[in-house]
Structures are given as C-alpha cells and as structure tokens.
Amino acid sequence: VAKKTNKPIMIDFTGHGCTNCRLMESNVWSKPDILRRIKENYVLLQLYVDDRTPLEKPEKSRWSGQEVTTLGKKWADLQATRFLAQSQPYYVLLGHDEKELTTSRGYNPDIAAYAKFLDDGLATYNSKK
C-alpha cells in the first residue's frame, strides 16, 4: 500500500491495555494538524503487542529464544529485535526500503515535538525520492 500510494510507513507499536497509548491518541493524535499529517502523509500500521490472536504455527523468538504463540507476541518480538525497544507506545517511520527515516520515539505528549517528528520523517522520505 505504501508503495502504491507513494507514502512512507508509520508503525505504531501499541496495546489494547496501554494507558499511554490512549493518552497519545486522545491528547496528541486528536489534534487536527497531527491527525492530518498522519492520514495524508503516512500509511499507518498499528501493531498490538498484546493481541491474543493465536498464530497458525508457533515461532521462535529471535529476541528471547522463547516460543511465540500469539500475534501480539510476534509484534513485541519484532519491536524488540528490530528496534531494540519494548515499551508502548513506540512510533517508527520507515521508507519503502524499511530503513528508519528519523529517530523513533515513545511516549511524549509534546504536540510540537510530535509534529516535528512526523515532518522530519516525511522530509527525509521526500529527499530520497
């Protein structure tokens, strides 16, 4: 989808039971300028690290070596292995080459800083076209 729409990817590592995730959504993402930036400029992937949907086939965690049996544990393993982070929310901006466009970030309700994060990622993406 990102390639078809010529947009970068925004990964939101989140959780159904994540209080800080809901605070970011209600206090930062709800701001019209932030919501517009996300909707117009990114393909958003929300990966719930506490999703209990069973995997068809268990996998071995690259991070811990333990068996991964749910979709949420798979996303948590991806976050830990690929981005060396284990807290939520955690936001990653990627180009089509799957390389980070700017420094990823966790919970920080500073609206201006979040806008800058989104703008910096988009500027890097556009400079690579």
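The values are calculated or read from the model by the stated rules, or taken from the named source; none is laboratory data. Computed from a predicted model, the values in this text were never measured in an experiment. Positions of Cβ are backbone-derived with ideal geometry, glycine not excepted, and every protein chain shown enters the neighbour counts. Accessible surface areas use protein heavy atoms only, side chains included; no ligands, DNA or RNA. Shrake-Rupley method; radii C 1.70, N 1.55, O 1.52, S 1.80 Å.
Just to be sure before I move on: is GLY17 modelled with pLDDT of 95 or more, more than 17 Å from ASN126 (Cα to Cα) and not polar (S, T, N, Q) in the structure I sent? When the stated conditions are applied, GLY17 passes them.
The set of residues in the range 63-92 that are β-branched (Val, Ile, Thr), open to solvent by 30 Å² or more (accessible area, probe 1.4 Å) and either closer than 30 Å to LYS128 by Cβ or touching a helix residue (DSSP H, G or I) at 6+ places or on another chain (Cβ under 9 Å) (or both) contains only THR81.
Restricting ASP33, ASP50, ASP12 to those that are touching a His at 6+ places or on another chain (Cβ under 6 Å) and either open to solvent by less than 70 Å² (accessible area, probe 1.4 Å) or part of a helix (DSSP H, G or I) (or both) reduces the list to ASP50.
Taken over the range 53-75, residues that are part of a loop (DSSP other than H, G, I, E, B) and either touching a strand residue (DSSP E or B) at 6+ places or on another chain (Cβ under 7 Å) or among the charged types (D, E, K, R) (or both) amount to 3.
Taken over the range 34-59, residues that are among the aliphatic types (A, V, I, L, M) and either at pLDDT below 95 or more than 17 Å from TYR91 (Cβ to Cβ) (or both) amount to 1. Within the range 76-96, the residues that satisfy the criterion of being within 13 Å of MET10 (Cα to Cα) and either assigned to a loop (DSSP other than H, G, I, E, B) or free of Cβ contacts under 8 Å to residues at least 12 places away in the same chain (or both) are PRO89, GLY95, HIS96.
Inspection of the range 54-62 finds a residue satisfying the criterion of being on the phi < 0 side of the Ramachandran plot and open to solvent by less than 30 Å² (accessible area, probe 1.4 Å).
Going residue by residue through the range 93-111, is there one that turns out to be β-branched (Val, Ile, Thr), surrounded by 13 or more Cβ atoms within 10 Å (Cβ to Cβ) and in contact with a Ser or Thr (Cβ under 9 Å, 6 or more places away or on another chain)? There is at least one residue in the range 93-111 that is β-branched (Val, Ile, Thr), surrounded by 13 or more Cβ atoms within 10 Å (Cβ to Cβ) and in contact with a Ser or Thr (Cβ under 9 Å, 6 or more places away or on another chain).
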